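Worksheet for the structure shown next.
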Amino acid sequence: MEITEFFDALDLDDYLEEHGDLAVQSPLDGVEIARVSSHSNAAADEIMGKAETAFLAWRQVPAPKRGELVRLFGEELRKAKEPLGRLVTVECGKILQEGLGEVQEMIDICDFAVGLSRQLYGKSMHSERPEHRMYEQWHPLGPVGVVTAFNFPVAVWSWNAAIAAVCGDSMIWKPSSETPLTAIAVTKIAQRVLEANDAPPIFGLVVADRRVGRLMTADKRLPLISATGSVRMGKAIGQAVAERVGRSLLELGGNNGIVVSDSADLDQALRAVLFAAFGTAGQRCTTARRLFLHKSIAAEMKQKLVKATKSITIGDPAEEGVLMGPLINQRAVDDMMNALATIREQGGEILCGGEALDRPGFFVQPTIATATADMPITCEETFAPILYVFEYEDLDEAIAMHNGVPQGLSSAIFTLNLREAERFLAATGSDCGIANVNIATSGAEIGGAFGGEKETGGGRESGSDSWKIYMRRQTCTINWGTEMPLAQGVHFDVGE
Ligand code: NAD
């Protein structure tokens, strides 16, 4: 399919401008595929104003009716799945299976949000005062700023957007400058659904770099900023939003570990580790970057891993059978090569991979390196397919190494031993927001709350009760009696 055919299929044409200031290149070959015009500060300000107006109308639409619009949006995504999945592949370089999977994730979260639109429950409590009723309710919060990273160019927005929409919020999306086309396509589809149903324009988009991102984070009209990206970005946004005492939901970098015990099903562990480490070319926040092998199985696992890693097909991610596409840009390749030099300097040995491919685009080899806990590079997230392999003797040691990094997103243990599994999941076990047994670190389902601890930012989005951050909680007490009792038995009797 030619690139213009994608644009036609997704009705993108009117956003593309021959002389637009933002050049979009495909990581497949580094060639420019489109130009779009980014929004000026003034235009972004106007879009935030429109989101505020849209919110005032949208908050009055009953939640199940809001859910119905999200359902219709999900139907449109079903129809657009193929071209949209392909555009994800062309613009961000993930293999087609994963591009389509990302669109499926959007559809799934829409379905989840439709059900949620009838379940935005508040609790009712027993008042300590006679003839009083006490309960809590949840109201829409306001326009939400959504800042997203390049590596999940559409799914992460939908985790926020579908839930925020049923909660009664409008939003402004600032996608990564690397991936504006998918964002424009998705926003167009969403806006069409709203227009066809005479709904307020709640899905706003600003195409711009961090300049506009900074403008949004400082703007009091946006009570919540949901930001996905690097720890560096999260620190900047977290501070800016705290400065105005706003609310932030931070989904930041990970440095995820998998423990493989001597009781594990090694074939199962091998398959899982390969996808978690090298799927999406190592560019997932949940990518497995650190592997802890029990000493007794380490030699066997390393040998199997190296053999399997060498057989991973690298190439055009749209082609059937290719398992690894390119990194997003040249800077990502340079960062990986610098990290490999540092690994060697710090005493690690490259067991396989370690090279960039001599072809157009930003292709690299999946790489495995030996590591020890005292190597500082292993505490950093290098956003590339590098897997560090450690060895351990007892589980306490493995858990200590596992938890000994600043990030805390996803974690896993492979074991058939019940005690080991429960120890890993206990309060003294993994310190991450996600902890799995016999499942690797990546590929979470939308039904659970997604997010991590420590420098990963503490935010939770997607399933479970993550919706609560998109609403404001109100505690209400009603006195239906004739007396005026005070809480805690306090008397305040004013003489007549
Ligand atoms: P990035 O931090 O470079 O950019 C992310 C987004 O933030 C972009 O839209 C960027 O324009 C914007 N931005 C950057 N600085 C900003 C600022 N000061 N103010 C406002 N906006 C700003 O990240 P990236 O390279 O696009 O993505 C990779 C990173 O994202 C990795 O660290 C990865 O782990 C992380 N990530 C985390 C999750 C998660 O859910 N925890 C999911 C996906 C990606």
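The values are calculated or read from the model by the stated rules, or taken from the named source; none is laboratory data. These numbers were taken from a predicted model, which means no experiment stands behind them. Counting neighbours? That spans all protein chains shown, and the Cβs are built from the backbone with ideal geometry, glycine included.
Structural remarks
- Out of Gly353, Gly348, Gly315, Gly361, sole residue that is surrounded by 15 or more Cβ atoms within 10 Å (Cβ to Cβ), closer than 28 Å to Asp267 by Cα and in contact with a Pro (Cβ under 7 Å, 6 or more places away or on another chain): Gly353
- Some residue of region 257-271 being within 16 Å of the ligand (Cβ to nearest atom), touching a Gly at 6+ places or on another chain (Cβ under 9 Å) and not aromatic (Phe, Trp, Tyr): no
- Filter result (assigned to a loop (DSSP other than H, G, I, E, B), in contact (Cβ under 8 Å) with a residue 40 or more places away in the chain and over 25 Å from the mean Cα position of the chain (by Cα)) within region 419-435: none
- Just one of the numbered conditions (1) under 19 Å from Ala149 (Cα atoms); (2) touching a residue at least 24 places away in the same chain (Cβ under 8 Å) is not true of Arg232: (2).
- Subset tally (residues that are more than 16 Å from the ligand (Cβ to nearest atom) and surrounded by fewer than 20 Cβ atoms within 10 Å (Cβ to Cβ)) for region 371-400: 10
- Subset of region 237-256 that is assigned to a loop (DSSP other than H, G, I, E, B) and within 11 Å of the ligand (Cβ to nearest atom) - its residue that is surrounded by the fewest Cβ atoms within 10 Å (Cβ to Cβ): Gly253
- Only residues that are in a helix (DSSP H, G or I) and either crowded, with 21+ Cβ neighbours inside 10 Å or among the β-branched types (Val, Ile, Thr) (or both) were counted in region 50-76, giving 11.
- Filter result (assigned to a strand (DSSP E or B) and within 27 Å of Val90 (Cβ to Cβ)) within region 257-302: Ala288, Arg289
- Selection count, region 83-130, where residues are assigned to a loop (DSSP other than H, G, I, E, B) and charged (D, E, K, R): 5
- Condition met for Lys94 (of a type outside the set (Ser, Thr, Tyr), crowded, with 21+ Cβ neighbours inside 10 Å and in contact with a helix residue (DSSP H, G or I) (Cβ under 8 Å, 6 or more places away or on another chain)): yes
- Residue within region 298-318 that is within 13 Å of the ligand (Cβ to nearest atom), closer than 22 Å to Ile386 by Cβ and modelled with pLDDT of 95 or more present: no
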